[in-house]
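Asks: I'd like to ask you about the structure that follows.
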Amino acid sequence: MNKYRFYHPLEMMDRILSNDLGLVDPVDYRINEQENSLEAEFKVPGFTQTEISLEVTDNVLLVEAKSETNKWSNGFSKKYKLPENVDGSKMEAKLEHGILSLRIPKKKQAISKKIAVL
């Protein structure tokens, strides 16, 4: 039985670019879509509010945590593509007991109204 698997260089490059390396995600998270918002929870034990950074640019959410004192982790950086129907500028964030909770409201959809012709 072959102990090692060899990749063709182009196949490996494709896996790198598609972020499909079979690596474990450094952050345990859940994302739930509600009627009026998108809600996410990230497990970030050992990090404080000042060590966590959130940024939304062009509907891409960047979650970063950096710590000099955390002996279990130096930090992480992860990007998530947000759906077009959410408003990242109105995101709310809360950190409690090592869980970072985000709430991103959905955009108000154009309301159509039937108009009677007289």
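Asks: Using R₀ = 25 Å, calculate the FRET efficiency as 1/(1 + (r/R₀)^6) where r is the Cβ-Cβ separation of Val60 and Glu96; round to 0.05.
Replies: Working: r = 25 Å, r/R0 = 1.01.
With a Förster radius of 25 Å, E is 0.50.
Asks: Continuing with the same structure: May I ask you to derive the FRET efficiency for Lys108 and Lys79 from their Cβ-Cβ distance with R0 = 22 Å, giving the value to the nearest 0.05?
Replies: 0.25
Asks: Continuing with this model, one more query. In nm, to one decimal, how far is the modelled label at Arg30 from the one at Ser89, with both set 7 Å along Cα→Cβ?
Replies: Between Arg30 and Ser89, the simple spin-label model gives 3.2 nm.
Asks: Another question about this same structure. When you have a sec, figure out the Kirkwood radius of the stretch 24-105 from all distinct Cα pair distances and drop it here in Å to one decimal?
Replies: It works out to 13.1 Å.
Asks: If you don't mind, there's one more thing I want to ask. Which ordering of Ile31, Ile104 is given by a fewest-first count of other beta-carbon atoms within 10 Å? Kindly include the intermediate steps, with their values, before the conclusion.
Replies: Values: Ile31 13, Ile104 21.
Ordered from fewest to most neighbouring Cβ atoms within 10 Å, Ile31, Ile104 come out as Ile31, Ile104.
Asks: Which of Thr48, Thr69 has the fewest other C-beta atoms within 10 Å, and how do the rest follow up to the most?
Replies: Thr69, Thr48
None of the figures in this text is laboratory data; all of them are computed from the coordinates on show. Everything quoted here is computed from the prediction, not taken from an experiment. All Cβ positions, glycine included, derive from the backbone under ideal geometry; neighbour counts span all protein chains shown.
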